[in-house]
1. Does the range A:65-73 include one or more residues that are more than 16 Å from residue A:202 (Cβ to Cβ), more than 16 Å from ligand 2 (Cβ to nearest atom) and in contact (Cβ under 8 Å) with a residue 60 or more places away in the chain?
2. Against the condition open to solvent by 20 Å² or more (accessible area, probe 1.4 Å), at pLDDT 90 or above and not polar (S, T, N, Q), how does residue B:23 come out, does it pass?
3. Taking the range A:12-37 on its own, how many of its residues are in a loop (DSSP other than H, G, I, E, B) and either over 19 Å from the mean Cα position of the chain (by Cα) or within 14 Å of ligand 2 (Cβ to nearest atom) (or both)?
4. Just to be sure I understand, how many residues within the range B:42-58 are open to solvent by 10 Å² or more (accessible area, probe 1.4 Å) and assigned to a helix (DSSP H, G or I)?
5. For the condition open to solvent by less than 40 Å² (accessible area, probe 1.4 Å) and away from chain A (no Cβ under 14 Å), what is the one hit in B:163, B:233, B:227?
6. Looking at the range A:38-125, what helices (runs of 4 or more DSSP H) fall wholly within it and have at least 3 residues that are among the aliphatic types (A, V, I, L, M) and buried (at least 18 other Cβ atoms within 10 Å of the Cβ)?
7. I'm trying to understand the selection: among the residues of the range A:211-236, which are over 20 Å from residue A:20 (Cβ atoms) and either of a type in the set (D, E, K, R) or within 15 Å of ligand 1 (Cβ to nearest atom) (or both)?
8. Among the residues of the range A:44-88, how many are of a type in the set (Asp, Glu) and within 16 Å of ligand 1 (Cβ to nearest atom)?
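The values are calculated or read from the model by the stated rules, or taken from the named source; none is laboratory data. Not measured: the values here are computed from a predicted model. So basically every Cβ, Gly included, is an ideal-geometry build from the backbone, and we count neighbours across all protein chains shown. Surface accessibility is based on the protein's heavy atoms, side chains included, excluding ligands, DNA and RNA. Shrake-Rupley method; radii C 1.70, N 1.55, O 1.52, S 1.80 Å.
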Amino acid sequence: MTAVLEVTNVKKSFGGIKAVDGVSFDVQEGEILGLIGPNGCGKSTLFNCILGQLTPTDGEVKVDGKIVTGLRPSELNRLGVSRTFQLLQVFPKLSVRENLILAGQEHQGNMMSRLFGPSDAGLSAAADQMIGFFKLDHLATEAAGGLSYGQQKLLDAAMAFMGGPRLVLLDEPAGGVNLTMLGDLKERLAAINREKRATFVVIEHNMEFVMSLCTRVMVMAEGKLLAMGTPAEVRANPAVIEAYLGHCGIDP
Amino acid sequence: MTATGKYLRIALGIAVIAALIIVPMNFNRYGLYILSQWAVMTIAAMGLNLTLGYAGQVSLAQGAFVGIGAYAAAIMTTQGGMPLIAALGVAIVLCFAIGWILGYPALRVQHHYLAFVTLAFSTLAFLVFRNEDWLTKGIYGISNIPRPNVMGFATNRPLPFYYFCLGSLALVSLAMWWLIRSPWGRAFVALRENPVRALSLGIDTRRYTLMAFAIGSALGGVAGTLYAPLTQYIDPVPFNLSLSLDLLMMVIVGGSGFFFGPFLGAMIAVLLPEWLRFTQGYYLMLYAVAVMLLLIYSPTGILGILDRYLAERRTKAASALRAVAKSRLETAP
Ligand SMILES: Nc1ncnc2c1ncn2[C@@H]1O[C@H](COP(=O)(O)OP(=O)(O)O)[C@@H](O)[C@H]1O
Ligand SMILES: [Mg+2]
């Protein structure tokens, strides 16, 4: 097994707040790593540091053994690292298919072929396949802004897979999504992981979702790594129960 | 519904094009001059619409790029005796390169810095037009600018020259249509609507923004190379900051980010002063008040109003369809 992602001692402060305070971990190829922790403990900030939206105050990030700290998000994305954001981020005026084509178009050809080549960048078929995979068929030509919240969340996740990424970081993909769609999403993620050997890191508050989907779970508290292990180990860890599962208003 | 809508739009397009070709045939010299000016300003505004409407960057130098194109045409065709097409090539390359060089540092710092950098450039360009007599003849200007021969046809007379401008506008429109339908156009929209998400999808927002700005500037240059033979005399005055502001108004009033926004905006800006001539000195005041009222009512300009109206009708039609489907379900045995 090889580490797809290696994070070493990453720190990020905002003024006096140490949002991420020296976190280190590896993610192995094909793994689905869950990341849990109370609100404000630095999970999203950690993602932003890994993906170049923020520059870490300290520490190092490697993808496939190559140092990527300081790269721009677009460069990282073209290296096969993709993400979703905690807040929904689809392009509301573009259709579902256009959103997916947009998400894949920079992963092939060059600037010239994107100007003089076909207007769909040769991605219509791939986009339709993704639409079918996420069961959005009847919505392909609808403007993304007109979809229900849950459908937009599915589209948001689907966009992260268009470039055929090796590593995908998902920030609360199931937040605010109803139960049926939650089941759908979990099943889709598991299928992509199985078929494409894509590696995931998933931030999620829904414990059932995390515990049944993830191979390992990592717990953060106040910017630090609190525990790491299989779902069963983490669930039984007294420090985790104390800091997180015990008293936060999050359903166990 | 959508099929008939499509045919309606095609029919409307053909009717407008036919009208633009046929109706001016019995216009007088002045009418043709105004209409040619509309075609030229539409090209410049289309360029600015790409920068502002599609890529979301404010440029205050579009008028300066028109000036660069106009001076390139004037100098090369009078003193150089070269054909206009050579001047066109020089203007495009020059404006594209200057746009790129101006945008590069501006975008490395912060987005709205482009507005300041272009403002400064606008002033600088005006000073060069006015003070570098050896090249531009300064305040005396350059006169006797010849009109081109296009495929063997002389365009000296107003009607042929108008057709030359109209044909150029058609070519630029086709190129623009191609551009905004290409993956580049999609990337431009993405970086205007949500640059953070665009970056995370691998879109090099900096490079696309620069491209949009440089191409938009180059179209300013194209408009300039038509402007010089249209007026046949140029001096620095028309290319000061107020032309840049006028062009900005055209884009915003027409509807920035809409393909046909510049056509409409340029028409209003070029024709309205003619129609409101009877108000004498009050024209500018009326125009300013009208623009303010429009922007309060619809920040996305005139086409924004139309767009909202059509979207509303579509939602109503869709919900009517849903209601019908639902009542069928309920009455089904
Ligand atoms: N851009 C920012 N500027 C200042 N403080 C921030 C910023 N982003 C996050 N924070 C702070 O960092 C801490 C961690 O936030 P975040 O990473 O969003 O937590 P989580 O995703 O675990 O809920 C919070 O205290 C938050 O207020
Ligand atoms: Mg968060």
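1. The answer is yes, given that some residue of the range A:65-73 is more than 16 Å from residue A:202 (Cβ to Cβ), more than 16 Å from ligand 2 (Cβ to nearest atom) and in contact (Cβ under 8 Å) with a residue 60 or more places away in the chain.
2. In short, no.
3. Residues meeting the conditions: 3.
4. Residues in the range B:42-58 being open to solvent by 10 Å² or more (accessible area, probe 1.4 Å) and assigned to a helix (DSSP H, G or I): 2 in total.
5. The unique qualifying residue is B:227.
6. Passing ranges, in order: A:43-51, A:96-105.
7. Answer for the range A:211-236, where residues must be over 20 Å from residue A:20 (Cβ atoms) and either of a type in the set (D, E, K, R) or within 15 Å of ligand 1 (Cβ to nearest atom) (or both): A:233, A:235.
8. Counting residues in the range A:44-88 that are of a type in the set (Asp, Glu) and within 16 Å of ligand 1 (Cβ to nearest atom) gives 1.
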